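Chemist: Sharing a structure with you now.
The values are calculated or read from the model by the stated rules, or taken from the named source; none is laboratory data. Note that the structure is a prediction, hence the values are computed from the model and not measured. Cβ placement follows ideal geometry from the backbone for every residue including glycine, while neighbour counts extend to all protein chains displayed. Surface areas here come from the heavy atoms of the whole protein model, side chains and all, with no ligands, DNA or RNA. Shrake-Rupley method; radii C 1.70, N 1.55, O 1.52, S 1.80 Å.
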Amino acid sequence: MIVMKFGGTSVEDAQAIRRLVNLVRERLWQQPVIVSSAMAKVTDTLLQATSTAASGNEPATLELLERLESRHIATAPDLLRDCSQTEADISALFAELRPLLSAICALRVATPRLSDRIASFGERLATVLVSAALRESGVNAALIDARECIVTDDHFTCAAPLMDASNQRLSARLIPLLEAKRVPVLGGFIAATAQGQTTTLGRGGSDLTAALVGGALDAERVEIWTDVDGIRSTDPRLYGHTRHIESISFHEAAELAQLGAKVLHPATLIPAMEKNIPVYVLNSRNPLHPGTCVRTECPGHDGVKALAVKHGITLVQASTARSFRPTGLASEMFSFLEADGCLPDIASIGQTSVTVTVDNKEVVARLTKQFEKRVNIKAENSKALISLVAEDIRQIVGLPVQVLLALDGIEVWMSSPGASQRSFSFVISEKDVPEVVRRLHELLLEDNCSLLAANAEQSVAHAAVV
Ligand code: ADP
Ligand code: ASP
Ligand code: MG
């Protein structure tokens, strides 16, 4: 069997869902399980409705809700010949959602638990449309509530899957359907605690759902259908001349995702890696493009594989004028951040200070509150983390020097070459991101780049000596 996961833009309207139906029909012989995200922007709107409700603004909340309802209802007749049951199913979900938002308006508070319950409607709504479209095209689709299959801890808004329980439930629920030649359709991103409380796997978490399904059922492969021709040398929204990456190792792709490349959710590759299941990133708008294969081994490439950008970084520096190496400060800061689920990507420890990158403003506020009575806290906002990724970055001769030369005139706030075997990261101001991406892409990632050629020559020379 295979898993086919469709992201928000791949189910954004009737036309996109029709493309999905064609792709699934072409792969019926491979026994697909379908994982669908919410329609594009729906999760954002649901979360916006939640915070609008918490501010007590009922008219604005209802307006957001009405816009969402009419978008889903309007998609049904566009997509289906017989849409009465689907419209009724969509209306029933909105009838369940409306009182939840009204309660938040009345209480003027939205807990993470309630926020997850509300966010779950995006995937629940999209799968109603997707499964109806598949059925009308003759595919024997079975709509499954992912909350019955994926069990997580109770870290609402960013829950971690409990693997044994999830594997058991996924197998028990999906294998009989596959044996009966049915095509299971389940929403990504949403799950539940063992007690049945709705949770979500963090933004972009549908990729992780797909990998969990693939891992539980020993899939032949997991296909991530999105809006780009596979994984590129950098985010195509940031730079116009990105290079196609045909194949990439699990470790490189995981590093890229962890360091900000939104194309995959950072935890996606863990279940796939454990079972050695290849993950393909494919374009639902350009399905003939081969996309990118993520797998254990990939043919040698001597240079930098890709460049990732993580936006919205704050540099937090804790310093003290009094003591050298303030005892316990670094370990306390790291414990605090770890407990808040927000470990820094890079950090630096000096004689009188500890500096960390934090990618969440609320965590910055909590960290400041916790430590400002004891040490000086300085938070620098509007920063970005730039990371170069390669299978073994330390083997690329001359990389740090070339990068520093290329950054002439750019303020580098912190850097960490070789903190990991696979990445070289540094922090710059957000305003410098386009220029830095352009310079580094031209230097390191274009087909004729000089560093790549120099490294290739060195490898050939090394091979000759050996
Ligand atoms: P989906 O809704 O299908 O899950 P996402 O928006 O989560 O799609 O991920 C796809 C987006 O990831 C692309 O549109 C692209 O802007 C972004 N992206 C970031 N880095 C990369 C990269 N290296 N290669 C391809 N896409 C990238
Ligand atoms: N719908 C969720 C989000 O927008 C999950 C996903 O799309 O993967 O974050
Ligand atoms: Mg995504």
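Chemist: Would you mind checking segment 247-267 for residues with the amide N under 18 Å from a putative spin-label position 7 Å along Cα→C-beta of Gln30?
Modeler: Counting only backbone N, you get 247-248.
Chemist: Oh, and also: Considering every Cα-Cα pair within segment 399-449, what fraction, in whole percent, is farther apart than 14 Å?
Modeler: Of all Cα-Cα pairs in segment 399-449, 55 percent lie more than 14 Å apart.
Chemist: Taking only the alpha carbons of segment 273-432, what extent do you get along each of the three principal axes, in Å, biggest first?
Modeler: That gives 61, 35, 30 Å along the principal axes, largest extent first.
Chemist: Return one number: the angle in degrees, 0 to 90 and rounded to the nearest 10, between the long axis of the Cα atoms of helix 112-136 and the longest principal axis of the Cα atoms of the chain.
Modeler: It works out to around 60 degrees.
Chemist: Just to be sure I follow the definition: excluding the sites themselves, where is the longest run in the chain that has none of the GluC sites (Glu not before Pro) in a DSSP loop with at most 14 other Cβ atoms within 10 Å?
Modeler: Formally, the longest exposed-site-free interval is 1-219.
Chemist: Ok, one more. Taking only Cα atoms, what is the 0 to 90° angle, nearest 10, from helix 450-465's long axis to the longest principal axis of the chain?
Modeler: Long axis of 450-465 versus the principal axis of the chain: about 70 degrees.
Chemist: Using just the Cα positions, wrap segment 162-259 in a convex hull and report its mean projected area in square nanometres, one decimal place.
Modeler: It is 8.0 nm².
Chemist: Could you tell me how many degrees, from 0 to 90 and to the nearest 10, lie between the Cα long axis of helix 14-26 and the main elongation axis, the longest principal axis, of the Cα atoms of the chain?
Modeler: The two axes meet at around 90 degrees.
Chemist: Let me ask something additional. Per Stokes-Einstein, at 37 °C and 0.692 mPa s, what whole-number D in µm² s⁻¹ belongs to segment 198-309, with the Kirkwood radius over Cα pairs as the hydrodynamic radius?
Modeler: Reported coefficient: 233 µm²/s.
Chemist: Assuming a strict under-26 Å limit between Cα atoms, what lysine pair count do you get for segment 304-452 once near-sequence pairs (fewer than 8 apart, same chain) are dropped?
Modeler: 17
Chemist: Let me ask you something else. Could you tell me the largest-minus-smallest coordinate of the C-alpha atoms of segment 55-149 on each of the three principal axes, in descending order and whole angstroms?
Modeler: Here the Cα extents, ordered largest to smallest, are 46, 30, 13 Å.
Chemist: For segment 303-366, run through the chymotrypsin sites (Phe, Trp or Tyr not before Pro) and keep only the ones in DSSP coil with at most 13 other Cβ atoms within 10 Å of their Cβ.
Modeler: In loop regions of segment 303-366 (DSSP not H, G, I, E or B), the sparsely surrounded chymotrypsin sites (Phe, Trp or Tyr not before Pro) are Phe324.
Chemist: Placing unit charges on C-beta atoms (Lys and Arg positive, Asp and Glu negative, everything else neutral), compute the dipole magnitude of segment 270-384 about its Cα centre in debye, rounded to 20.
Modeler: 320
Chemist: Once the principal axes of the Cα atoms of the chain are found, what is the range along each, listed largest first in whole angstroms?
Modeler: Taking max minus min along each principal axis of the Cα atoms, the chain gives 67, 61, 39 Å.
Chemist: Per residue, what volume in Å³ does the convex hull of the Cα atoms of segment 339-436 enclose?
Modeler: 128
Chemist: I've got another one for you. DSSP loop (so not H, G, I, E, B), at most 12 other Cβ within 10 Å: list which trypsin sites (Lys or Arg not before Pro) in segment 166-232 pass both filters.
Modeler: Lys181
Chemist: Counting only protein heavy atoms and a 1.4 Å probe, tell me what percentage of the chain's accessible area is made up of carbon and sulfur.
Modeler: 51
Chemist: Still on this structure: Residues of segment 363-435: accessible area per residue at 1.4 Å, in Å²?
Modeler: Per residue, segment 363-435 has an accessible area of 51 Å².
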